[in-house]
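The values are calculated or read from the model by the stated rules, or taken from the named source; none is laboratory data. Everything quoted here is computed from the prediction, not taken from an experiment. Backbone-built Cβ (ideal geometry, glycine too); neighbour counts: all protein chains shown.
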Amino acid sequence: MKTTNLFTLGLLGLTLVALPAPAAAADGKTIFTEYKCNQCHTIDAAGVAKVEGEEEEEEEAPDLSKAGKEHDKVFIAKYLMKRVEIDGKKHKKRFTGSNQELVTLATWLAGLK
């Protein structure tokens, strides 16, 4: 390889390092709040408080600080899509985000122990 090619590659490498990183994908906590899951649920362990929503809750939704202690991410994703039940009940609302957001959210919730 010629010296000029090495020099060009070196400049290219420096340019790539200097460019800002693309915006990070949303994390589970961000998705949780963006989709207003905290209108029903809290996650005290992650500092997520319940916010007042438009609907009145018939029964108190659980705090999800230990969601991952009882269920893995696959089960949580299925539950959020209303495909499985907990105590004979499906989740009140079907998750409407993208598949990637669902995976990210379910993974984050499963990590709460």
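Data table
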quantity	calculated
In the range 50-76, the residues that are among the aliphatic types (A, V, I, L, M) and modelled with pLDDT under 95	VAL51, ALA61
Qualifying residue in the range 89-98 (condition: surrounded by 10 or more Cβ atoms within 10 Å (Cβ to Cβ), within 17 Å of LYS113 (Cβ to Cβ) and modelled with pLDDT of 95 or more)	no
Filtered residue count, the range 79-113, keeping only those that are under 20 Å from VAL48 (Cα atoms) and either of a type in the set (D, E, K, R) or in contact with a strand residue (DSSP E or B) (Cβ under 9 Å, 6 or more places away or on another chain) (or both)	6
Close pairs (7 angstrom Cβ cut-off, 6 or more residues apart or separate chains): part of a loop (DSSP other than H, G, I, E, B) in the range 24-49, of a type in the set (A, V, I, L, M) and surrounded by fewer than 18 Cβ atoms within 10 Å (Cβ to Cβ) anywhere	CYS40/ALA61; HIS41/ALA61; THR42/ALA49
Subset of the range 61-113 (residues that are assigned to a helix (DSSP H, G or I), of a type in the set (S, T, N, Q) and more than 21 Å from GLY47 (Cα to Cα))	ASN99, GLN100
